[in-house]
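Structure first, then comments.
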Amino acid sequence: MAKSSVQSAACAPAPRSELRLTRRDSRDPPQKRPLVTSAADLPVHDAYCEPGAVHPASSLSSSSASSRRRVKIPDLYCPFDPAVHPAAAAVHMQSVAWARAMGLARDDLHVQALHKSRVGWLVGRAFPVADDLPALQIAADWTTLFCLIDNHIENIRGPALSHVYLRGLLAVFRTGAAPLIADPFAQAFRDLRERMLEVDVPAWIERFGDQLERLFCAFVDEAKYRVLEAVPELVKYRKMREVSVGLYFGFRLGELTDGIHLPSQVREHADVRNLESKAAYIVGLANDIYTVEKEMAKGEVNNMVLVLMQEESIDFEGAMRRAVEMHDAETREFAALAAALPSFSPELDLELRRYIEILTSIVCGHNRWADETDRYAPRAPKGEPTRA
């Protein structure tokens with residue numbers, strides 16, 4: 001089993017800043033351009049970006065990703081101050097090493113692509129005051145695995161094959177049984193299971209396994225639309241996206257990284273569940289806005305912008321505006337609900353406030369990370385140099 005560790009020196013968590021509203025910047029209208037590339041364009045395979053399009057390792061700034069976009073990404077409203085854990089870089093390096101040890105990154109190009117994804121910074125922004133570094137490493141390794149399995153399933157043709165494959169991975173995680181065939185993803189799930197057991201949180205494997213089952217069902221549902229080349233209906237897609245974006249794992253992992261203990265009567269309260277749902281939907285919308293250009297180029301149909309084009313019979317630019325409006329409205333509702341939670345007891349209210357701060361860090365952190373990562377950047381068109 002590959003162990004991950006981060007030296008605690010220089011890894012003390014920074015204090016969380018006060019949540020505050022910030023002024024929203026004005027938005028430029030999206031640039032007009034042909035949105036679907038030619039059929040000869042290769043899809044994105046295996047790792048976070050097309051290995052053949054990897055750029056020099058020194059180019060890790062947001063400009064390398066944003067310069068390849070032809071669609072202007074509007075500003076998304078976020079009323080929370082960002083923060084990042086001081087161990088983000090070390091956690092990221094360990095996670096890349098773990099992925100290679102598991103066989104998830106097969107060569108230097110895949111490793112370089114993983115580095116440019118900057119997943120450690122996503123996790124560091126989600127849990128900026130985490131004091132359990134092994135748990136923070138588990139969160140980073142899970143996030144790396146989630147992103148890679150998401151890409152992997154998109155390349156499996158058909159929902160039936162996806163279902164069989166994912167069912168096998170779920171069995172490995174729930175039982176710890178050795179996989180029947182040599183598979184890096186099964187090995188990674190088994191490794192994470194063993195490390196999660198060491199954290200010794202009651203019923204953790206069962207709860208995480210339940211979330212995995214929900215995620216895998218959403219993956220299979222998306223595969224059905226993908227094989228039909230049909231854009232989903234809005235109501236159906238919203239339900240799928242809330243799960244497939246993967247945030248419910250982050251909510252659960254925050255209980256480990258930050259040592260939060262909420263009893264079921266608080267965790268299952270309607271307002272708390274509503275906040276979780278809104279946070280997942282907000283990040284799902286943001287993700288779809290950031291990735292729509294890349295996904296259209298490879299023929300993906302599961303994207304809210306495309307859903308809105310079909311549902312409301314509007315053009316691409318109108319659908320982008322509607323997606324941004326929906327994102328911003330949901331974010332305002334989330335902030336208002338977070339400020340008006342019921343009181344349970346002084347002790348529970350403190351724990352709940354810490355948990356809600358994790359939700360806000362995840363929402364805000366995703367937006368910041370989206371400007372840093374190569375995962376959301378479209379592949380540079382053939383013959384077009386990538387500007388640094």
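Restricting the stretch 257-295 to residues that are of a type in the set (A, V, I, L, M) and more than 19 Å from the chain's Cα centre (by Cα), which is farthest from G120 (Cα to Cα)?
Among those that are of a type in the set (A, V, I, L, M) and more than 19 Å from the chain's Cα centre (by Cα), it is A270.
Mind checking which helices (runs of 4 or more DSSP H) fall wholly inside the stretch 279-388 and carry at least 3 residues that are more than 28 Å from G259 (Cβ to Cβ) and modelled with pLDDT of 90 or more?
Output list reads 304-311, 316-338.
Determine whether V305 is under 23 Å from Y225 (Cα atoms), of a type in the set (A, V, I, L, M), buried (at least 22 other Cβ atoms within 10 Å of the Cβ) and within 19 Å of the chain's Cα centre (by Cα).
For V305, the condition - under 23 Å from Y225 (Cα atoms), of a type in the set (A, V, I, L, M), buried (at least 22 other Cβ atoms within 10 Å of the Cβ) and within 19 Å of the chain's Cα centre (by Cα) - is met.
Only residues that are surrounded by 15 or more Cβ atoms within 10 Å (Cβ to Cβ), aliphatic (A, V, I, L, M) and either touching a Phe, Trp or Tyr at 6+ places or on another chain (Cβ under 8 Å) or within 20 Å of Y281 (Cα to Cα) (or both): list them for the stretch 334-353, please.
Listed by number, the residues that qualify are A335, L337, A338, L341, L352.
Under 6 Å between Cβ atoms, at least 6 apart or on separate chains: pull out the pairs that start in the stretch 141-169 with a residue that is under 17 Å from A186 (Cβ atoms) and end on any residue that is of a type in the set (V, I, T) and assigned to a helix (DSSP H, G or I).
T144/V119; S162/I153; S162/V220; H163/V220
For the stretch 183-213, enumerate the residues that are in a helix (DSSP H, G or I), over 20 Å from the mean Cα position of the chain (by Cα) and of a type in the set (D, E).
Within the stretch 183-213, D191, E194, E198, E206 qualify.
Go over the candidates D258, D221 one by one and state the one that is charged (D, E, K, R), closer than 19 Å to I138 by Cα and either surrounded by 19 or more Cβ atoms within 10 Å (Cβ to Cβ) or touching a strand residue (DSSP E or B) at 6+ places or on another chain (Cβ under 6 Å) (or both).
D258
Report yes if P86 is in contact (Cβ under 8 Å) with a residue 12 or more places away in the chain and either surrounded by fewer than 20 Cβ atoms within 10 Å (Cβ to Cβ) or over 19 Å from the mean Cα position of the chain (by Cα) (or both), otherwise no.
yes
Kindly check whether there is at least one residue in the stretch 288-302 that is closer than 22 Å to P128 by Cβ and buried (at least 21 other Cβ atoms within 10 Å of the Cβ).
yes
Give me the pairs: first residue in the stretch 321-340 and in contact (Cβ under 8 Å) with a residue 40 or more places away in the chain, second residue aromatic (F, W, Y), beta-carbon distance under 8 Å, and six or more apart or on different chains, which are they?
H327/Y77; D328/Y77; E330/Y281; T331/Y77; R332/Y77; A335/F80
Do we have L285 as buried (at least 20 other Cβ atoms within 10 Å of the Cβ), of a type outside the set (D, E, K, R) and closer than 23 Å to N155 by Cα here?
Yes; evaluated as a whole, the condition is true for this residue.
Please verify whether L161 is part of a helix (DSSP H, G or I) and at pLDDT below 95, treating the condition exactly as stated.
yes
Condition check: modelled with pLDDT under 95, among the acidic types (D, E) and in a helix (DSSP H, G or I). Does D150 satisfy that?
yes
Considering only residues that are out of contact with any helix residue (DSSP H, G or I) (no Cβ under 8 Å at 6 or more places or on another chain) and among the aliphatic types (A, V, I, L, M), look in the stretch 164-216 and name the one that is nearest to A105 (Cα to Cα).
Going through the qualifying residues, I end up with A182.
When A280 is evaluated against the numbered criteria (1) free of Cβ contacts under 8 Å to residues at least 60 places away in the same chain; (2) surrounded by fewer than 16 Cβ atoms within 10 Å (Cβ to Cβ), which criterion, by number, is the only one it fails?
Condition (2) is where A280 drops out.
Can you pull out the residues in the stretch 78-112 that are among the aromatic types (F, W, Y) and in a loop (DSSP other than H, G, I, E, B)?
Within the stretch 78-112, just F80 meets the criteria.
Specify which of the listed residues (E213, E233) is within 14 Å of N302 (Cβ to Cβ), at pLDDT 95 or above and surrounded by fewer than 19 Cβ atoms within 10 Å (Cβ to Cβ).
Sole residue among the options that is within 14 Å of N302 (Cβ to Cβ), at pLDDT 95 or above and surrounded by fewer than 19 Cβ atoms within 10 Å (Cβ to Cβ): E233.
The values are calculated or read from the model by the stated rules, or taken from the named source; none is laboratory data. Model, not experiment: these values are computed from the prediction. Note that we place each Cβ from the backbone using ideal geometry, even for glycine, and neighbour counts take in every protein chain shown.
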